[in-house]
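Read the structure below first, then the notes.
Nothing in this text is a laboratory measurement; each read-out follows from the coordinates by a stated rule. Remember, it's a predicted structure, so these values are computed and weren't measured experimentally. In this analysis, Cβ positions are derived from the backbone assuming ideal geometry, glycine residues included, and neighbour counts consider all displayed protein chains.
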Amino acid sequence: MTAAIHVEDLVKTFGPVRALDGLDLRVEPGQVMGFLGPNGSGKSTTIRVLMGLLRRDAGQATVLGQDPWHDAVELHRRIAYVPGDVNLWPGLSGGEIIDLLGRLGPGLDQGRRAEMIERFDLDPTKKGRTYSKGNRQKVALIAALSGHAELFVFDEPTSGLDPLMETVFQEAVGEMLSEGKTVLLSSHILAEVESLCDQVTIIREGRTVEAGTLAELRHLTRTSVDVTTTRPLAAMGAVDGVSDFLAHDEHRATFAVANADLPVVMSRLAGLGIEAIESQPPTLEELFMRHYAVDGSDRSAAPPDTAAAGSAGDRP
Amino acid sequence: MTANGFAGTGQLLRLILRLDRIKLALWLLGLLAVIAVTPISLRAIVDAEAEADGTTAEQVLAEQAALIETNGASIALQGPPDALDTFGGRYAFEIGAFTLAVVALMNILLIARHTRAEEESGRAELVRAAAVGPWSALAAVGSVALITNGLLGLGTSAVFIADGRPVDRSLLYGASVALCGLLFAALSLIWVQVFEYGRAATGMSLAVLGASFALRAVGDVQDNWLILLSPLGWVQAVDAFGDPAVWPFVLSLAAVVVTVAVAIALVVRRDVGAGLIEQRPGPPQADPTLPHPLGLAWRLQRSTLLWWTVGAVALGALYGSVISSIDDFVEDSEAMREVLEGLGMSGDALRDGFITVILSLIALITTAGVIQSLLRPRSEEVSGRAEAVLACSISRRAWLGSHVLLSLAAAPSFMLAAAVGLSITDALVAGGFTDVGATLAAALVRVPALWAVAGIGVLLYGWVRRFSLGVWAVFAGVAIVFLFGDLLRLPDAVLNLSPIGHVTHLPGGDQGWLSVVVLCGVALLGWAAGIALFDRRDITDA
Ligand SMILES: Nc1ncnc2c1ncn2[C@@H]1O[C@H](COP(=O)(O)OP(=O)(O)OP(=O)(O)O)[C@@H](O)[C@H]1O
Ligand SMILES: [Mg+2]
């Protein structure tokens, strides 16, 4: 099966700035791909290349089997796009803008349009200049979600939406998925990514640093363990895969374990006689902190009682 | 609200000066350059003629004054023919109403930039949230206007004093130039309160400026009270080098005080970001023509285009109403007729000459409208709205092409509208139509000039968006060559480069068709290259 989005070694420069520096991204049909990275890492730039708005300097990009630059007009009949910063025409009403973007784009399903306006609780007769930030976002979302697109590209779609509307958005995306649509979603809201996306790609400084399912990514990080054993456990500190070892007394210690080494470490612990054990899987935050942190070094934002934000050298 | 209403004015003032230091310096230098060049070149012309005729410079000046006094076209363009037998008066005449209009323009743009545009971008909210009073923004931008116009006035006086004009008269003239700027700054302060949109407020101020220019033109040609309706007319009525009048200063200062007071009262009556004119709701669904490249472009541009068309009719109508006074000049004066016949001209030639100048002037003014229309894609792109549309199934060619098509259609519409307005009022005043066909043809023959400037604009925009405002520099160049080319004694090669003025001789004269062909060629090349280049470049809002 050909990928819905296939990007390899993508390079985009703005004068001296290398916004994308060999980025890779692959989204299979029917997937929801979370697209993550710190501010200025190149998410919007990648998306604009995929929408044929920016011309790539080097590398490959294919969207729905076509070239995003040369086949833009044809492709855009199959893609719905919501930009990060929605700007509306001050003199056009919300309803007019929905029709404009919908009909010029992947078409509009009148029934769905009415339903989405209802669900997002939008007044379509207001003029563009009078909408609040969240309502501007809704206008673009309704236009995108009311059409017949195969692929949805969202650049921080829920920025400015209230929690209720965020839920409406997540439900709507869920419905798109059940219809077999593909979604690329750039977001800074981790809860949203966790609940919507089965795959994530994390980029930093224009390069892909991690890609895979959330489960796979968790596997690459560390679990923190607080254990009490019947026999003394001081020797555990020297075991491969154990770090940040802190002995409270002879029988109790906290430390971090690389997930890949968990089986070995657990069997060693079992040999010491486990009295009590508490382990904490890495949260998504920890996962991101680790990748967002500059040069892979710790960010003080990482919670001190977990050892998730390890240095790059610790990676298994 | 007491003194605190103005809290933070000092910081805002410094901020504006910092943001604008280069822009304002360029405006001031440009204006002062035009003002300073006038005495130098005029003196050279007069001295040369005096030497050739073996007379004195004063005599030459007096002879030329007699000719200018009968020349309705230059009076309409430049101002009342006061004190033309003095060097000071003649300089003031040559600097003219048009330069004063540019001073007004500088002020209108200054005010719009630091009031409405700031609010639209949301920056004003940031500023107001800081410890800044509701009137501080007004006070700050008002102070900048005071400083700017003060410098301009002083510089103008300095130019005249350096040329050897009497100090008191020179200061008076400088003051009148500064006053002109302040009047329009104050007027703009009101419009930016009334309208929610910078574009609408600026449009309204420009309409007032256009009306002021036209009213004083008619008033000056007919030498009547119409100048009292025009701030530009007041300023020129100062007559610094002849018989100075005080009333224009009193009237202008009173007007400034009243408008500023009204603006201050309006500020606290509205919310930041809102206008005084309420928004009506729109239709819940789009008209079927809207989701179409041309439909969208038309919807976005139609009000601008309609207003310009209305303005063109009005401008033409105002000038048309004075044409028969030109005929009267000739009929009233046997001597005048003899002079003209001696020069091989008939009364008709004077009439045609007037219409030729007026149509060229209207072509110049409406070029600004065409440029405004063709720069619409630019503001769509800067705002990020172009991104949303071009991410739809619409080709870049269709998108840009639609906007360009409208700006092209605008050129003949504006020119024909002006010609129709001119013919109608002329007919009303004279009691019958005269050669309407020739007037319409003369209007149309100027259209390729507008297209050529538009072509350069499209080329710049399609190439690199940052360059697209360069089309205003082209416009400024065309305006300078048209308005000051003869005075500056620019070589023919340069005069012929300007698409407006020198290359058109209709109605009445012989039209060189080569220039029309060349202009159409430039236009076509510009559109084609601009659209082709646009197909290749990045769309960004940065
Ligand atoms: N048109 C442009 N001209 C110059 N530099 C640009 C342009 N667009 C983006 N950049 C630069 O490219 C880099 C990537 O920007 P991009 O907008 O793609 O980041 P992002 O990941 O979307 O960030 P955010 O999370 O803040 O939205 C940044 O350094 C930015 O300054
Ligand atoms: Mg972004």
### Selection from B:L179, B:A97, B:L533, by position along the positive dipole direction of chain B (Cβ)
B:L533
### Query
If the label point is 7 Å along Cα→Cβ of B:Q222, which residues in the range B:58-100 have backbone nitrogen under 18 Å from it?
B:71-81
### Task
Assuming R0 = 35 Å, can you tell me the calculated FRET efficiency for the pair B:D287 and B:A542, based on Cβ-Cβ distance, to the nearest 0.05?
0.60
### Summary
Shape call for the protein assembly as shown, from the Cα gyration tensor axes a ≥ b ≥ c (a/c under 1.5 means rounded, otherwise prolate when a/b beats b/c, else oblate), comes out prolate
### Query
Tell me, what is the percent relative contact order of chain B, built from C-alpha pairs under 8 Å that lie six or more residues apart?
14 percent
### Summary
chain B: longest segment with zero exposed trypsin sites (Lys or Arg not before Pro), where exposed means DSSP loop plus at most 16 other C-beta atoms within 10 Å, is residues B:1-268
### Message
Through the Karplus equation 6.51 cos²θ - 1.76 cosθ + 1.60, θ set to phi - 60°, convert the phi angles of the range A:100-109 into ³J(HN,Hα) values in whole Hz; use x for Gly and Pro.
### Response
4, 5, x, 6, 6, x, x, x, 10, 9
### Task
Place a +1 charge on the Cβ of each Lys and Arg in the range B:291-542 and a -1 charge on the Cβ of each Asp and Glu, then give the dipole magnitude about the Cα centre in debye, rounded to the nearest 20.
1680 debye
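For chain A, with only Lys/Arg (+1) and Asp/Glu (-1) charged at the beta-carbon, what is the dipole magnitude about the Cα centre, in debye rounded to 20?
980 debye
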### Query
Farthest toward the dipole's positive end in the range B:291-542, which of B:S402, B:A473, B:A441, given Cβ charges of +1 (Lys, Arg) and -1 (Asp, Glu) about the Cα centre?
B:S402
### Query
Given A:K127/B:K23; A:K43/B:K23; A:K133/A:K181; A:K138/A:K181, which pairs have Cα atoms separated by over 31 Å?
A:K127/B:K23; A:K43/B:K23
### Query
Taking the C-alpha atoms of the range B:419-503, how large are the radius of gyration and the largest Cα-Cα span, Dmax, in Å?
16.8, 53
### Task
Take each uninterrupted DSSP H stretch in chain B, measure its Cα extent along the helix axis, and return the ones at 20 Å or beyond whose mean Kyte-Doolittle hydropathy is at least 0.0.
B:9-53, B:87-114, B:136-162, B:167-194, B:198-222, B:247-267, B:293-320, B:347-374, B:396-430, B:447-463, B:470-484, B:513-534
#### Entry: Dipole in debye (nearest 20) - the protein assembly as shown, about Cα centre, beta carbon charges: Lys, Arg +1; Asp, Glu -1
1000 debye
### Message
Taking amide H atoms as placed 1.01 Å from N in the peptide plane, list the residues 5 or more away in sequence, or in a different chain, whose amide H sits under 5 Å from that of A:F14.
### Response
A:A19
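Given the -39500 (n - 2.57) contribution per DSSP H run of 4+ residues, what per-residue ellipticity at 222 nm results for the protein assembly as shown, rounded to the nearest 500 deg cm²/dmol?
After summing the helix terms and dividing by residue count, I get -19000 deg cm²/dmol.
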### Query
Quick one: length gained pulling B:I45 to B:L487 fully straight, 0.36 nm per residue minus the C-alpha distance?
158.3 nm
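Which FRET efficiency value, to the nearest 0.05, do you get for A:D244 and A:A215 by plugging their Cβ-Cβ distance into 1/(1 + (r/R0)^6) with R0 = 25 Å?
0.60
Ordered by packing density, taken as the mean number of other Cβ atoms within 10 Å over each peptide's residues, highest first, how do A:42-51, B:518-527 rank?
A:42-51, B:518-527
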### Query
Relative contact order of chain A: what whole-number percent is it, with Cα pairs under 8 angstrom and at least 6 residues apart?
18 percent
### Task
State, to one decimal in nm, how far the label point of A:D121 lies from the label point of B:A62, with both points 7 Å from Cα in the Cβ direction.
8.6 nm
### Summary
Across all Cα atoms of the range B:291-542, Rg and the largest Cα-Cα distance (Dmax), in Å, are 20.4, 71
#### Entry: Top positive-direction residue, dipole computed over the range B:291-542 with Cβ charges, set B:W463, B:W307, B:G432
B:W463
